[in-house]
1. Using helices alone, what [θ] at 222 nm do you get for the chain, with -39,500 (n - 2.57) per DSSP H run of 4 or more residues, divided over all residues and rounded to the nearest 500?
2. Would you please classify the overall shape of region 19-72 from the alpha carbon gyration tensor, given that a ≥ b ≥ c denote the square roots of the eigenvalues, rounded means a/c under 1.5, and beyond that prolate means a/b larger than b/c while oblate covers the rest?
3. Of all DSSP beta bridges in the chain, what percent run antiparallel (nearest 5)?
4. List the relative contact order of the chain as a percent without decimals, with contacts defined as Cα pairs under 8 Å and 6+ residues apart.
5. Taking Cα atoms, how many degrees apart are the long axis of helix 45-65 and the longest axis of the chain, rounded to 10 and kept between 0 and 90?
6. Between [x] 40, 20, 18; [y] 81, 25, 19; [z] 25, 24, 19, which entry matches semi-axes √(5λ) of the Cα gyration tensor in Å as derived from the coordinates of this structure?
7. From the Cα gyration tensor of region 173-271, with a ≥ b ≥ c the square roots of its eigenvalues, which class applies: rounded if a/c is under 1.5, or else prolate if a/b is larger than b/c, or else oblate?
8. What is the distance, in nm, between label points placed 7 Å from the Cα along the Cα-to-Cβ direction at residue 37 and at residue 249?
């Protein structure tokens with residue numbers, strides 16, 4: 001059983017390290033994700049997001065040093081609370097808890113149930129026999145996961161640069177523009193469309209779907225530039241399975257997966273009156 005406890009600790013260290021680094025590398029998107037739950041006031045979103053990151057790094061340290069009772073108790077409370085929130089928001093199929101690591105975002109309730117089972121099991125069979133080996137392996141896992149997260153971000157930025165270059169060559173628009181990736185069969189398309197039609201600035205929309213659908217939307221969104229996804233070779237490497245916003249300004253890139261929340265906040269900010277001092 002001591003080996004089972006040892007493996008459980010390493011699994012939890014890897015999971016929470018990955019969660020920490022993916023949230024940290026896409027912190028703005030994580031704040032939008034928290035705000036989308038509607039239970040944290042706008043003024044406390046940054047504080048809440050920061051506290052989640054601090055808790056996750058403390059859990060990594062707790063599992064690394066073998067502080068089982070407190071670490072497992074906090075983990076159980078955290079996973080149970082997130083599961084209740086996910087069920088309340090009806091996010092049974094997918095969430096953004098792990099940023100752009102899509103395979104960990106699928107079936108979040110099942111994922112949390114498995115993690116809860118592992119942690120509860122460890123409460124009864126925990127052992128400190130491999131304390132120093134566990135600490136050394138935890139440090140290696142943490143560094144490896146961090147390198148993976150930031151290497152992935154670097155490669156994603158390079159892919160986005162190629163996509164932006166291809167878009168500019170097709171549209172002849174050299175200024176930095178917001179790029180919105182959409183699909184005809186996504187469930188929240190109508191909700192996103194409500195914000196697209198009132199966006200004050202021109203954006204580039206990459207739409208996947210039948211030709212007739214793209215033509216209809218091009219006419220409806222005539223104030224924007226609409227491109228068919230099939231005409232962009234670089235899009236395959238960026239991925240267009242789900243809606244997202246690509247922001248590329250001054251060779252710095254950001255990927256936003258909380259499309260609705262981002263567009264809503266952007267429109268609200270730009271519609272706020274500016275009072276002279």
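No value in this document is a laboratory result; all are computed from the given coordinates. What you are looking at is a predicted structure, and each value in this text was computed from that prediction instead of being measured. Cβ coordinates were reconstructed from backbone atoms using ideal geometry, including for glycine residues, and neighbour counts include every protein chain displayed.
1. Numbers: 11 runs with 175 residues, N = 277.
Value at 222 nm, helices only, nearest 500: -21000 deg cm²/dmol.
2. On the way: a/c = 3.32, a/b = 2.04, b/c = 1.63.
Prolate, since a/c reaches 1.5 and a/b exceeds b/c.
3. Working: 9 of 18 bridges.
Bridges in the chain are about 50 percent antiparallel.
4. Working: 323 pairs, mean separation 57.6, N = 277.
It comes to 21 percent, rounded to a whole number.
5. So the helix axis and the longest Cα principal axis differ by about 30 degrees.
6. Correct label, based on the coordinates given: [x].
7. Details: a/c = 1.38, a/b = 1.12, b/c = 1.24.
In terms of gyration-tensor shape, rounded.
8. 2.8
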